[in-house]
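Okay, so here's the structure we're looking at.
The values are calculated or read from the model by the stated rules, or taken from the named source; none is laboratory data. Quick caveat, the model's predicted, so the values are computed rather than measured. Every residue, glycine as well, gets a Cβ built from its backbone with ideal geometry; the counts of neighbours run over all protein chains shown. Areas reflect the complete protein model, heavy atoms only, side chains present, ligands, DNA and RNA absent. Shrake-Rupley method; radii C 1.70, N 1.55, O 1.52, S 1.80 Å.
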Amino acid sequence: MENPQTTAGHQTGTQLVKRGLAEMLKGGVIMDVVDAEQARVAEDAGAVAVMALERVPSDIRRDGGVARMSDPEMIEGIKAAVTIPVMAKARIGHFVEAQILEALGVDYVDESEVLTPADEAHHIDKWAFTVPFVCGATNLGEALRRISEGACMIRSKGEAGTGNIVEAVRHLRQILGDIRKITQADPAEQFEWAKQLQAPLPLVQEIHDTGRLPVPMFCAGGIATPADAALVMQLGAEAVFVGSGIFKSSDPSAMAKAVVEATLNYRDPQILAKVSRGLGSAMAGLEIATLDTTYADRGW
Amino acid sequence: MDVGILALQGAVEPHARSLTRLGARPVEVRTPADLDGVGALVLPGGESTTISMLLERQGLFDPLVERLEAGMPALGTCAGMILLAAEVLDGRADQRCAGAIDLVVRRNAFGRQVDSFETDLDIGAFTESGLDPTPFHAVFIRAPVVDSTGPAVEVLASVDGAPVLCRQGCVIVSSFHPELGDDLRIHQLLINEVT
């Protein structure tokens, strides 16, 4: 299924190269930005990558309507403003948006439930691309289906644009809890796990043998404070995505820096106390029960 | 033997696996106290701008430079190569380098992620070190290359004429990622400097 290209002895687009970039982002913070100015604030704060999009999730939620891939001009402006990797979002199943993002030279494509899905049954065949993909998941079965479609990084979906960490915690616990159970499963039980999860057996067997997902596992959706970032890192996330949490806070630059330091020092409450001080107000949050649309339900 | 891995951000775990397989004990280094306890240091891949910033914020930059000046063996891969070099091109204005190897390095020199690649490298130094001389399968991810080298630098491998593996004394740097694979020969070169 892999579709590497070879030129003059150089192979591009291999799984090793695609998953490798995700390895390099571990322990870091990936921040949503809507323009070049925000991208520079993110890079100045120590972000390892930025996610270029037209509106942060909380604005998409407020505005309603159909949310699509961002304007290429805006993505190019952000690419020109920073030296760190630039990611961008395509709608679930919208492989042409993904082709456009690849042509623009973005470093990672997020096939994202935050945008309005373009296909109600199929995700993008991610093996067909040279650019790597990250996909959201609420549980292990979803994560493994995305990996079998070629995703090279998984992130919890959480509930984007709410500033409420509860869904991300649920998804992380769901995924990592099932991984822990599978490591104890005997061969007959592994067949049963594959059926239950609606996931390929070889991936279940690999998890049994290694005790981990085959690709890096990051956390997204609802991170609004340094403590939120440290919480998901302690739960087992390997890096964090912060969407609305930075630029919807009262002092984005200070919040960005604090989240970066909290992600690094996530096990040290003394440092967490220090970096959490004097940040002004975090983004306003939303109760999940009050939402008209839950993005985490998008994806199949 | 305790070998430190700078663990501020990036691909720490794959290096730990490689070092463990060679019989060394990997130790994550986040503070000056952690650095005091190790006899050699791996600087992993990651985002060099972020790692450089975090080195300053953790109060680790100056102690690191002191240890390197005192002759601590080090292996820097990708971002780690940039951090150990004398100067970086196409980086951020405030990005600091430790100056442990006399190189000028250019960031993201092969292009963006879609240009990241795998290729085989001939590395003559393996023969001198008594290691298997067959080509090394190297993974380059948004990789830097060496723009120019000082007189004390040995170039151990090149891609399209640009040096990608260099050594000066007990400091070894690679543009590529020997930790993303099962081949332990580059890590063995570091271990040889310690023992």
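A few remarks follow.
- Among the residues making up the stretch A:4-34, those that are more than 9 Å from chain B (Cβ to nearest Cβ) and surrounded by 20 or more Cβ atoms within 10 Å (Cβ to Cβ) are A:Ala22, A:Ile30, A:Met31, A:Asp32, A:Val33.
- Restricting attention to the stretch A:117-164, the residues that are among the hydroxyl-bearing types (Ser, Thr, Tyr) and open to solvent by 10 Å² or more (accessible area, probe 1.4 Å) total 3.
For every residue, the table says whether it meets (1) surrounded by 17 or more Cβ atoms within 10 Å (Cβ to Cβ); (2) without any contact (Cβ under 8 Å) to a residue 24 or more places away in the chain; (3) away from chain A (no Cβ under 14 Å).
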residue	(1), (2), (3)
B:Asp147	yes, no, yes
B:Val155	no, yes, yes
B:Cys166	yes, no, yes
B:Gly169	no, no, yes
B:Glu179	yes, no, no
B:Asp182	no, yes, no
B:Ile186	yes, no, yes
B:Leu190	yes, no, yes
B:Val194	no, no, yes
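- Tally of residues being of a type in the set (Gly, Ala, Ser), touching a Phe, Trp or Tyr at 6+ places or on another chain (Cβ under 9 Å) and farther than 26 Å from B:Arg142 by Cα across the stretch A:54-92: 0
- Among (1) touching a Ser or Thr at 6+ places or on another chain (Cβ under 8 Å); (2) open to solvent by less than 40 Å² (accessible area, probe 1.4 Å); (3) over 30 Å from A:Leu101 (Cα atoms); (4) not polar (S, T, N, Q) - the single one B:Ile141 does not satisfy: (3)
- Selection count, the stretch A:71-93, where residues are small (Gly, Ala, Ser), closer than 28 Å to B:Ala93 by Cβ and open to solvent by less than 10 Å² (accessible area, probe 1.4 Å): 1
- Taking the criterion of being open to solvent by less than 70 Å² (accessible area, probe 1.4 Å), part of a loop (DSSP other than H, G, I, E, B) and either touching a residue at least 40 places away in the same chain (Cβ under 8 Å) or β-branched (Val, Ile, Thr) (or both), the residues of the stretch A:181-206 that qualify are A:Ala199, A:Pro200.
- Index of the failed condition, B:Val114 passing every other in (1) closer than 26 Å to B:Val3 by Cα; (2) assigned to a helix (DSSP H, G or I); (3) β-branched (Val, Ile, Thr): (1)
- Only a single criterion out of (1) within 12 Å of chain B (Cβ to nearest Cβ); (2) within 24 Å of B:Gly46 (Cα to Cα); (3) not acidic (Asp, Glu) is not satisfied by A:Gly77, namely (1).
- Residue-level analysis places A:Ala67 outside the set of residues that are open to solvent by 10 Å² or more (accessible area, probe 1.4 Å) and away from chain B (no Cβ under 14 Å).
- Listed by position, the strands (runs of 3 or more DSSP E) contained in the stretch A:9-107 that have at least 2 residues being over 19 Å from B:Asn108 (Cα atoms) are A:29-33, A:86-91.
- Test for B:Phe126: is it within 14 Å of chain A (Cβ to nearest Cβ), under 18 Å from the mean Cα position of the chain (by Cα) and hydrophobic (A, V, I, L, M, F, W, C): no
- Applying the set (1) open to solvent by less than 10 Å² (accessible area, probe 1.4 Å); (2) more than 11 Å from chain B (Cβ to nearest Cβ) to A:Gln38 leaves exactly one unmet item: (1).
- Where helices (runs of 4 or more DSSP H) fall wholly inside the stretch B:1-73, the ranges with 1 or more residues that are open to solvent by 50 Å² or more (accessible area, probe 1.4 Å) and of a type in the set (S, T, N, Q) are B:12-21.
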